[in-house]
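Here is the structure we will look at.
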Amino acid sequence: MTEYSRLKTSRSAAIRATLDYPVIDTDVHTNDFTPAFEDYIAKYGGVKLVDELRKTEASRLNSKSNGKDWYQQTPEERQYNRTIRSPWWARVTKNTLDLATYTLPGLLYERQAEQGSDYSVLFPNNVLAPAGASAENRQALQRAVNHYHADIYRKYSDRLTPVAGIPLTTPQEGIEELEFAVKTLGLKVINITGGVKRPIKVIADKYPADKFPEIAKYASYIDFYGLDSEYDYDPFWAKVVELGVPVTTHYGSQGWTGRSSISNYMNNHIGHFADGSEAFAKALFFGGVTKRFPQLRVAMLEGGADWGARVYIHLVDRFSKRNIKALENYNPALTNADELFEIFERYGAE
């Protein structure tokens, strides 16, 4: 292994050497070694949890219609079903050492200085896979996944910390996993989806999902927790603040209007994290979450920074036009009816 020569030639390490403050990398994705990962899950909760994990991974990576994923369908079937183009292989494999690095905790720890950072927040790619699991297995599977990551990175915790995946289908579910992850596992950062898909009740009551799965697939909306939610998520946000952990999310918008191409994955991918983060951020703001919990810290990752500036600019712009004082500009009672009639009579009599 040529670790020392690599360290000397790393541009990142060279830049770090010029700094007088620590560098924290807040979004290092890692990949689980599947055989060890599934063995751990099986010992933790039985074979049923492994089966559930595989189901969630399949549904997460592939768009399905009539039991067939995108790759199994003909072009005609994709057009007929409007099957959204699914992601394809995303693992960097050309550099063998790098391939091993994001899979083996010890190697990542050894090479961390090479990337010029002192501390890294890790995002295992399976951390939120349980969010798509069945209701009866979701919490148990998420707990097993978090426990696995806490265990394999514990000996490296002075410089590496994995995020804890927190399911938020209900506030209580989130609180339970949050307390376990922080108090029992000792994890320092949590990761949530920026929204949860729910059925539209008026349609679900008439067309139950178990009898009409295709209707249920499309008759849904996204609950962003802060605005118009069916649940009160304030107890969850309060618990987050009490425990002092930051909230992170990589919430995407693939499948939304404008991101539902049946042939081009990049069409659906470009900018989707920014759009998802924007929706989540606006819900927190307009739902009053940021006002009620000013100590809440939320990091929205992988969408760049321009969307945040754009949302802020629009909030300021809308407020300048539609604050309580400015709304008087839109008050019909302030229109001079006699003057308006005179102007219409002069210019619009014909």
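The values are calculated or read from the model by the stated rules, or taken from the named source; none is laboratory data. Remember, it's a predicted structure, so these values are computed and weren't measured experimentally. Cβ coordinates were reconstructed from backbone atoms using ideal geometry, including for glycine residues, and neighbour counts include every protein chain displayed. We work out accessible area using only protein heavy atoms, side chains counted, and drop any ligands, DNA or RNA first. Shrake-Rupley method; radii C 1.70, N 1.55, O 1.52, S 1.80 Å.
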* To do: Could you calculate the FRET efficiency of residue 44 with residue 92 from 1/(1 + (r/R0)^6), where r is the beta carbon distance between them and R0 is 22 Å, rounded to 0.05?
  => 0.15
* For the chain, give the share of DSSP beta bridges that are antiparallel, in percent and rounded to the nearest 5; count only bridges with both residues there. => 30 percent
* If the chain between residue 323 and residue 72 were fully stretched, how many nm would it gain, using 0.36 nm times the residue separation less the Cα-Cα distance? -> 85.0 nm
* **Rounded accessible area per residue of the chain, 1.4 Å, Å²** => 58 Å²
* Whole-angstrom Cα spans of segment 101-221 along principal axes, big to small -> 58, 27, 19
* Determine the order of 151, 39, 228 by accessible area, beginning with the largest, at a probe radius of 1.4 Å. => 228, 39, 151
* Asked: When only Cα pairs under 8 Å and 6 or more residues apart are kept, what is the percent relative contact order across the chain?
  -> 14 percent
* To do: Could you tell me how many degrees, from 0 to 90 and to the nearest 10, lie between the Cα long axis of helix 138-153 and the main elongation axis, the longest principal axis, of the Cα atoms of the chain?
  => 50 degrees
* **Cα-derived Rg to Rh of the chain, Kirkwood definition** => 1.06
* Structure fact -> Each label sits 7 Å from Cα toward the beta-carbon; between residue 205 and residue 172 the label points are separated, in nm, by 2.3 nm
* **Reach of residue 206 by Cα under 15 Å, taken over aspartates and glutamates that are not fewer than 8 positions away in the same chain** => 214
* Structure fact -> From the cross-link list 43/183; 64/291; 282/325; 94/183; 68/183, the entries with a Cα-Cα span beyond 30 Å are 64/291; 94/183; 68/183
* **Table column - 3J(HN,Hα) (Hz), segment 173-180, Karplus curve with 6.51, -1.76, 1.60, x for Gly and Pro** => 4, x, 4, 4, 6, 4, 5, 5
* Using a/c under 1.5 as the rounded threshold, could you call segment 177-327 rounded, prolate or oblate? The axes a ≥ b ≥ c are square roots of the C-alpha gyration tensor eigenvalues, and prolate needs a/b larger than b/c, oblate otherwise. => rounded
* For the chain, what is the mean residue ellipticity at 222 nm derived from helices alone (per DSSP H run of n ≥ 4: -39500 (n - 2.57); sum divided by total residues; nearest 500 deg cm²/dmol)? -> -13000 deg cm²/dmol
* To do: May I ask you to derive the relative contact order of segment 86-183, considering only C-alpha pairs under 8 Å and at least 6 residues apart, and to give it as an integer percent?
  => 26 percent
* Listed residue (106, 258, 213) projecting farthest to the positive dipole end of the chain, Cβ model -> 106
* Using modelled amide H (1.01 Å from N, peptide plane; none on Pro or chain starts), what sits under 5 Å from the amide H of residue 164, excluding residues fewer than 5 places away? -> 189, 190, 191
* Provide the percentage of antiparallel DSSP beta bridges, counting only those with both residues in segment 10-163; round to the nearest 5. => 20 percent
* Asked: Quick one: ranking 311, 316 by accessible area, 1.4 Å probe, largest first, what do you get?
  -> 316, 311
* At a 1.4 Å probe radius, which order do 147, 314, 272 fall into by accessible area, largest first? => 314, 147, 272
* When the chain is treated as a GNM, springs tying every alpha-carbon pair under 10 Å, which of 243, 97, 185 comes out with the largest mean-square fluctuation? -> 97
* Using 7 Å Cα-to-Cβ label points, what is the residue 234/residue 217 separation (nm, one decimal)? -> 4.0 nm
* To do: First compute the accessible area of the chain with a 1.4 Å probe, then give the percent of it belonging to carbon and sulfur atoms.
  => 57 percent
